[in-house]
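The values are calculated or read from the model by the stated rules, or taken from the named source; none is laboratory data. As the structure is a prediction and not an experimental result, all values here were calculated from the model. Positions of Cβ are generated from backbone atoms using ideal geometry, with glycine treated the same way; all protein chains shown enter the neighbour counts.
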């Protein structure tokens, strides 16, 4: 069956966000879905299951798995085209704006690739995902369910994120994201993993039956999360929230039912009654936290052969940033600098943060001082290395 195109101009308000929708397309297959992907579009799914397993996507749309940038295989990071999709350890929808994906059948989006992430939105703005259940078919998996990366103004509504894997939802460099009536369950590591993400709201969500392979139900570094009218029950993690920086995670729980979990929930420790004061304090400390997050990630990644933090690094920078190195050369891609540091075998043995500067390997032959400038949104605008 060919997809049904309905030409209509819609202005849909979601979370006080106006989406300009120029066309609505009804689809009944994976192939029709990918043909319909476009900006300013509402896609209505009319079938029971979408199989996003790599082998099925290869057969239906000819997609091939590609690798993301890596320090020893790419001289420079890869630039992806906007309004594109690709498969790299899971399906990635990149650079779409004003896109609604809605199911009339509460469609299951599944994957048989137990080590892959199922669905990621990257560099997107104005996305609505509604009426979808997402899960791996294997009982034990090592991939995440739904990732929102470097994206803003996202609404996830009436969905189920069934882990059978490691993490229910990953948020990195995400802003203005709302989960409404979403079930997050059966995840072995974290229900929620959030790095450098702000104005993230969970409303009337059920977070339950998640497992204890990781230390906490929620992992949050330099993020601000709000939970309202949520049920958080029958989870096995020893902690509600964990941050690698050792600071108090900034989260606000309002009228939530939190029962039958191993952790002790102390409402006063999580800002409900003083959210405005704590948020002001958070804003004041945010730049220092950003520097600490950056250097902790950089220090750990320089000691490994992997590149597990590339998206986290990118999320810290403004779009028009620049880096001035010790030779006074200017570049505009931190990952390129990062790759070169790894190839040279540069290591960080110790560091000190002094205001907007990081002193690396103080008093050693390889001492460097990195000075940071921020834009108004607390993103790195310039780094000057001496």
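Please indicate, with yes or no, whether at least one residue in the range 183-190 is outside any strand (DSSP E or B) and either out of contact with any helix residue (DSSP H, G or I) (no Cβ under 6 Å at 6 or more places or on another chain) or at pLDDT 95 or above (or both).
Our first condition is that a residue be outside any strand (DSSP E or B); within the range 183-190, this holds for none.
Among the residues of the range 183-190, not one is outside any strand (DSSP E or B) and either out of contact with any helix residue (DSSP H, G or I) (no Cβ under 6 Å at 6 or more places or on another chain) or at pLDDT 95 or above (or both), which makes the answer no.
Among the residues of the range 200-218, none qualifies, meaning not one is touching a residue at least 40 places away in the same chain (Cβ under 8 Å), surrounded by 20 or more Cβ atoms within 10 Å (Cβ to Cβ) and either assigned by TED's automatic domain parsing to the domain that holds residue 292 or within 22 Å of residue 123 (Cβ to Cβ) (or both).
Going by the structure shown, is residue 212 modelled with pLDDT of 90 or more and in a loop (DSSP other than H, G, I, E, B)?
Values: modelled with pLDDT of 90 or more: no; in a loop (DSSP other than H, G, I, E, B): yes.
In short, no.
Report whether or not residue 60 is outside the structural domain of residue 307 (by TED's automatic domain parsing) and at pLDDT 95 or above. The answer is no for residue 60. Restricting to the range 335-352, give me the number of residues that are touching a strand residue (DSSP E or B) at 6+ places or on another chain (Cβ under 8 Å) and touching a residue at least 24 places away in the same chain (Cβ under 8 Å). Going through the range 335-352 one residue at a time, the tally reaches 2. Does residue 302 count as touching a residue at least 24 places away in the same chain (Cβ under 8 Å), in contact with a helix residue (DSSP H, G or I) (Cβ under 7 Å, 6 or more places away or on another chain) and under 22 Å from residue 147 (Cα atoms)? No; evaluated as a whole, the condition is false for this residue.
Look through 229, 186 and report the one residue that is at positive phi, touching a residue at least 24 places away in the same chain (Cβ under 8 Å) and surrounded by 21 or more Cβ atoms within 10 Å (Cβ to Cβ). First the steps, then the outcome.
Details: 229 fails: surrounded by 21 or more Cβ atoms within 10 Å (Cβ to Cβ).
Within the list 229, 186, the selection yields 186.
Within the range 296-339, the only residue that satisfies the criterion of being over 25 Å from residue 375 (Cβ atoms) and outside any loop (DSSP other than H, G, I, E, B) is 300.
Given the criteria free of Cβ contacts under 8 Å to residues at least 12 places away in the same chain and touching a helix residue (DSSP H, G or I) at 6+ places or on another chain (Cβ under 9 Å), does residue 309 qualify? First the steps, then the outcome.
On the way: free of Cβ contacts under 8 Å to residues at least 12 places away in the same chain: no; touching a helix residue (DSSP H, G or I) at 6+ places or on another chain (Cβ under 9 Å): yes.
No: the conditions fail for residue 309.
Can you find a residue in the range 114-126 that is surrounded by 15 or more Cβ atoms within 10 Å (Cβ to Cβ), within 30 Å of residue 335 (Cα to Cα), modelled with pLDDT of 95 or more and out of contact with any strand residue (DSSP E or B) (no Cβ under 7 Å at 6 or more places or on another chain)? Reasoning before the result, please.
Residues of the range 114-126 that are surrounded by 15 or more Cβ atoms within 10 Å (Cβ to Cβ), as a first pass: 114, 116-126.
When the remaining residues are screened for being within 30 Å of residue 335 (Cα to Cα), the result is 114, 116-126.
Keeping just the survivors that are modelled with pLDDT of 95 or more gives 119-126.
Filter again for out of contact with any strand residue (DSSP E or B) (no Cβ under 7 Å at 6 or more places or on another chain), leaving none.
Among the residues of the range 114-126, not one is surrounded by 15 or more Cβ atoms within 10 Å (Cβ to Cβ), within 30 Å of residue 335 (Cα to Cα), modelled with pLDDT of 95 or more and out of contact with any strand residue (DSSP E or B) (no Cβ under 7 Å at 6 or more places or on another chain), which makes the answer no.
Taking the numbered list (1) modelled with pLDDT under 95; (2) surrounded by fewer than 17 Cβ atoms within 10 Å (Cβ to Cβ) in turn, residue 334 passes all entries but (2).
Entry remark, the range 215-238: residues being under 19 Å from residue 264 (Cβ atoms) and assigned to a loop (DSSP other than H, G, I, E, B) number 7 in total.
Suppose we filter the range 353-376 for residues that are free of Cβ contacts under 8 Å to residues at least 12 places away in the same chain and farther than 18 Å from residue 287 by Cα; how many remain?
In the first step, residues of the range 353-376 are kept if they are free of Cβ contacts under 8 Å to residues at least 12 places away in the same chain; the result is 354-355, 359, 363, 365, 367, 376.
Add one more test, that the residue is farther than 18 Å from residue 287 by Cα, and what stays is 363, 365, 367.
Total meeting the criteria: 3.
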